[in-house]
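Visitor: The following block contains the structure, expressed as structure tokens.
Quick note: the coordinates plus some simple rules give every number you see, no bench work behind them. Everything numeric in this text was worked out from a predicted model, so none of it was measured. Heads up, the Cβs are rebuilt from the backbone with ideal geometry, glycines too, and the neighbour counts pull from every protein chain shown.
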Amino acid sequence: MRIENIKNICIGLVLLTISVSGCVKDISIPQPDYTERATIQCSLEPGVVPKLYLYKTVPYFDVVDTRELFIKDAIITISTDDYTDNLVIDSTYNYIKCEYEYFFRGFFPVIPNKKYNLTVLSNGKTITAATNTNLPTVIIDSIGYTDQFKDIYGEHEGVIPYFHDIPNQSNYYRYEMTREVDTTMKYREGKLHSPCIGAGSVTVLEIGRSVYNDINASGEQMRLIIEPSYSHKEGLPGQIRVETLDKVTYDFFNQLDKQKLGQTNPFVEPIFLTNGQFGKDALGYFGCITRSAPVLFIFPE
Amino acid sequence: MAYYISDELKMTDLLSVTYGLHIPVFFSGNKTYAFTEPRIIVKFSLNPVTSIKASYTQMNQFMHLVPNSTASLPTDIWLTSNAKIKPQNSTQYAIGLFKNFKNNEIETSVELYYKNMNNQVLFKEGTQIDLNTNLDAALAFGDGKSYGIEFFVKKNYGKLTGWASYTLSKTTQKFPDLNYGKEFPFTYDRRHNLSIAGSYELTKTWSFSADFTFYSGIAFTLPAGRAFINDDGSLYDGIYYDYTSRNNSRLRPYNRLDIGFSNVKKVKRFGKSCQREWAFGAYNVYSRQNPYFVYLTTDPTTKQPQAKQVSLLPIIPSISYNFKF
């Protein structure tokens, strides 16, 4: 008998037994020992001023408002041999969440093919990392569309950018689309609720959930089949880009992608977020990203 | 297929040695495993009712229990050994003191043991078993150890008979590819395990019996921290789990009392002497909600994590009729 069949039988028996005699109740579980640390997210993009998200992690069962997790009192610098950029707090208004999102912003656009050093002074700790801004960009060949494809999350529509891999080096890619959405559309599985949008629309940046590498595809045409975050309307335009990531950024988002699956699927073994560039004091990445030229995509019906 | 030879050698009136060799042979596809497993038990009698036993045992096992480490559905999988999955092997050392009282009416023992285990198997982080899973690539291999002390007492005769056992033990595993290479508790590591079973003869026909079980909850992996990730409103946005160690939390302890009354009578049916028995019982008599599994969820209003426990089988009364002829 196949494992899938055994699994389905097991699930069926468990659900049947639970429905007949089971009892579900909230319980309190002792909080495991935990030392708070920082999460740092920063991808330098040539030609763009640096943007860095800095949050603190919290014990799992602590009651907190996620808006309180942003670390405001950090001192952050990003430097090359030529200059030092002292980052300051900035914010954008997220019309979907109806709240301000805070981040640290630099002043000088990132220069390509440079080595950059990051220093974060926070909570009495100094966290450092380095990256190079020497990533190439790809050119999108074409954009395809399928009204149905199946991945490990289920069946979805899919947007499919085609492009050629950069040969003879390890590359990592991700998809993004910029477009307008309004409250008549769905976000993930639910209706898009946002009193801040009103009857109008808002520009959103959708970043693909999965990251890809070019193992066994060096120099070949690649395609990324992406589930859009929002539902679409016929004729709606979107600007699609393919991001080239460095390895540290790829590794971090690859872990997030796998862990997200484990959070929603009880049959998936947990993914531990490993200490990366920052050691045990912080999670995250300080890397580089480039974006292809945008290609216009019109949603078909 | 297995071969086994054993012999008992009485060295003196007080000292005896039982030694043997077990040779299991296991075929799996093109791969054949054969082992020699020596075992020896040395018994030293201190007096007619007291003895000390020490043993050394090597064992191999060709089935591997691969438990899930999440707090969710208990979906353990058994795998057989093959070319990639080597048989588990263990070496166990034990020493015990055995003493009887009241003309062997009461038996008691206390035993210490230590066991080393190799070629243990678990799933790698992030493994999702489905139809297309290459199991060989999804497995991680490591070692384990277990040690503990067992107490046992048994009453053989009289109106009241029964036994009680208590084990204090610890079982851990260590895998290079899991838990940052650090040691962690085995899923079924149970620190305390207590069982009491008794039967009391109320009258010549009626008897009462009770079984009580208590053991520590199994281990599962609970996130220790939450990490908030924000990436321009993308699908990555959200709360992620910061795990610090594997199997770092426990289900609540399990305990249960079962009771039963039995009425046995000799009767005549169809001209023959027969025995009939009415049995009245109750499983989980105080209807304890023992944990079956725990899962984590997020409160839709407060957006805070919650743990939910699923329990099965409350009190279940039973009645049965047995007829022997």
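Visitor: What list do you get for B:Asp136, A:Asp82, B:Asp242, A:Asp281 if you sort them by fewest beta carbons within 10 Å?
Guide: Fewest to most other Cβ atoms nearby, the residues stand as A:Asp82, B:Asp136, A:Asp281, B:Asp242.
Visitor: Give me B:Met59, B:Met1 ranked fewest to most by other Cβ atoms within 10 Å of their Cβ, as a rough exposure proxy.
Guide: B:Met1, B:Met59
Visitor: Next up: Kirkwood Rh over Cα pairs of chain B into Stokes-Einstein at 25 °C, 0.890 mPa s: D in µm²/s?
Guide: In µm²/s, the coefficient is 101.
Visitor: For a bin width of 5 Å, list the pair-distance distribution of region A:58-166 built from all Cα-Cα distances, rounded to whole %.
Guide: 2, 8, 11, 12, 12, 13, 15, 14, 10, 3, 0
Visitor: Based on the Cβ-Cβ distance from A:Lys97 to A:Asn134, what FRET efficiency comes out when R0 is 56 Å, to the nearest 0.05?
Guide: 0.95
Visitor: Quick check: Cα centre of region A:241-301 to Cα centre of region B:103-117, how many Å?
Guide: Spelled out, the Cα-based centre of one part sits 54 Å from the other.
Visitor: Still on this structure, please answer the following. If R₀ is 30 angstrom, what is the calculated FRET efficiency for the pair A:Ser28 and A:Lys191, using the beta carbon separation as r and rounding to 0.05?
Guide: With R0 = 30 Å, the Cβ-Cβ based efficiency is 0.35.
Visitor: How many angstrom separate the Cα center of region B:302-324 from the Cα center of region B:155-205?
Guide: After rounding, the separation between the Cα centres reads 21 Å.
Visitor: List, in the order given, every pair from A:Lys258/B:Lys84; B:Lys155/B:Lys265; A:Lys258/A:Lys280; B:Lys43/B:Lys145; A:Lys280/B:Lys182; B:Lys84/B:Lys182 whose Cα-Cα distance in the structure shown is over 19 Å.
Guide: Violating the 19 Å Cα-Cα cut-off are A:Lys258/B:Lys84; B:Lys155/B:Lys265; A:Lys258/A:Lys280; B:Lys43/B:Lys145; B:Lys84/B:Lys182.
Visitor: Treat each spin label as a single point 7 Å out from the Cα along the C-beta direction, and report the B:Thr18 to A:Asp151 distance in nm.
Guide: 6.1
Visitor: Follow-up question, since we're still on this one. Within a 10 angstrom radius of each residue's Cβ in B:262-274, how many Cβ atoms of other chains show up on average? Whole number is fine.
Guide: Shielding by partners across B:262-274 averages 0.
Visitor: How big is region B:1-189 on each of its three principal axes, counting only the C-alpha atoms and giving the largest first in Å?
Guide: Sorted from largest, the Cα extents of region B:1-189 read 62, 37, 32 Å.
Visitor: Right, something else. Packing-wise, with mean Cβ within 10 Å as the measure, how do A:241-249, B:8-16, B:248-256 rank, highest first?
Guide: Final packing ranking: A:241-249, B:248-256, B:8-16.
Visitor: From largest to smallest, what semi-axes in whole angstrom does chain A give when each is the square root of 5 times an eigenvalue of its alpha carbon gyration tensor?
Guide: 33, 28, 22
Visitor: With a 10 Å cut-off between alpha carbons and a GNM built on chain B, which of B:Phe228, B:Phe270, B:Phe123 moves the most?
Guide: Of B:Phe228, B:Phe270, B:Phe123, the Gaussian network model singles out B:Phe270 as fluctuating most.
Visitor: Which whole number gives the average, over all residues in B:307-318, of C-beta atoms from other chains lying within 10 Å of the residue C-beta?
Guide: So the per-residue partner count for this stretch is 4.
Visitor: I would also like to ask the following. Let me have the relative contact order for chain B, percent, based on Cα pairs under 8 Å that are six or more residues apart.
Guide: In percent, rounded to a whole number, it is 10.
Visitor: Within region A:119-136, which residues have the backbone N less than 19 Å from the label spot 7 Å out from A:Asn113 along Cα→beta-carbon, could you tell me?
Guide: Output list for this probe position: A:131-136.
Visitor: GNM, chain B, Cα, under 10 Å: largest mean-square fluctuation among B:Gly144, B:Gly281, B:Gly238?
Guide: B:Gly238
Visitor: Using only helices, what value at 222 nm comes out for chain B when you add -39,500 (n - 2.57) per DSSP H run of length 4 or more and divide by the total residues, to the nearest 500 deg cm²/dmol?
Guide: When only DSSP H runs of four or more count, the value is 0 deg cm²/dmol.
Visitor: Then there's this: Which value at 222 nm does chain A reach when only helices count, each DSSP H run of 4 or more adding -39,500 (n - 2.57), with the total divided by all residues and rounded to the nearest 500 deg cm²/dmol?
Guide: Helix-only estimate at 222 nm: -4000 deg cm²/dmol.
Visitor: Given the convex hull over the Cα atoms of the protein assembly as shown, what projected area results after averaging over all orientations, in nm²?
Guide: 39.6
Visitor: Computed FRET efficiency, Cβ-Cβ of B:Asp299 and A:Glu36, R0 22 Å: what is it to the nearest 0.05?
Guide: The computed FRET efficiency comes out at 0.50.
Visitor: Most mobile of B:Ala282, B:Ala54, B:Ala137 per a Gaussian network model of chain B (Cα springs, under 10 Å)?
Guide: B:Ala137
Visitor: Going by amide H atoms built from the backbone, whose H comes under 5 Å of the H on B:Cys274, apart from near neighbours?
Guide: For B:Cys274, whose amide H was placed from the backbone, the distant partners under 5 Å are B:Val267, B:Lys268, B:Arg269.
Visitor: B:Ala219: net charge of surrounding residues, Cβ under 12 Å, Lys/Arg +1, Asp/Glu -1, itself excluded?
Guide: +4
Visitor: A follow-up question, please. Tally Lys/Arg at +1 and Asp/Glu at -1 over every other residue whose Cβ is under 14 Å from the Cβ of B:Thr108; what's the total?
Guide: Once positives and negatives cancel, what remains is +1.
Visitor: Still on this model: Considering only the other residues whose Cβ falls under 14 Å of the Cβ of B:Leu257, what net charge follows from Lys and Arg at +1 and Asp and Glu at -1?
Guide: Net of charged neighbours comes to 0.
Visitor: Would you calculate the separation in nanometres between label points at A:Asn168 and B:Thr108, each defined as 7 Å from the Cα along the Cα-to-beta-carbon direction?
Guide: It is 8.2 nm.
Visitor: Taking 7 Å along the Cα-to-C-beta vector as the label spot, tell me the B:Tyr200-A:Thr274 distance in nanometres, rounded to one decimal.
Guide: If labels sit at B:Tyr200 and A:Thr274, their model points lie 6.1 nm apart.
Visitor: Run the paramagnetic zone check for B:Glu277: 7 angstrom along Cα to Cβ, then residues of region B:292-325 with backbone nitrogen under 15 Å.
Guide: Under 15 Å, as judged by backbone N against the label point of B:Glu277, lie B:319-325 of region B:292-325.
Visitor: Would you tell me the mean number of C-beta atoms belonging to other protein chains that fall within 10 Å of each C-beta in A:271-280, as a whole number?
Guide: Per residue, the number of nearby Cβ atoms from other chains is 3 on average.
Visitor: For region B:218-295, taking Cα atoms only, what is the radius of gyration to one decimal and the Dmax to the nearest whole Å?
Guide: Cα radius of gyration and Dmax of region B:218-295 are 27.0, 88 Å respectively.
Visitor: In percent, what relative contact order does region B:1-189 have, based on Cα pairs under 8 Å that are 6 or more apart in sequence?
Guide: 13 percent.
Visitor: Normalised by the number of residues in chain A, what is the relative contact order in percent for Cα pairs under 8 Å and 6+ residues apart?
Guide: 19
Visitor: Could I ask something else about it? By count of other Cβ within 10 Å, fewest leading, how are A:Arg67, B:Arg191 ordered?
Guide: Ranked by crowding around the Cβ, least crowded first: A:Arg67, B:Arg191.
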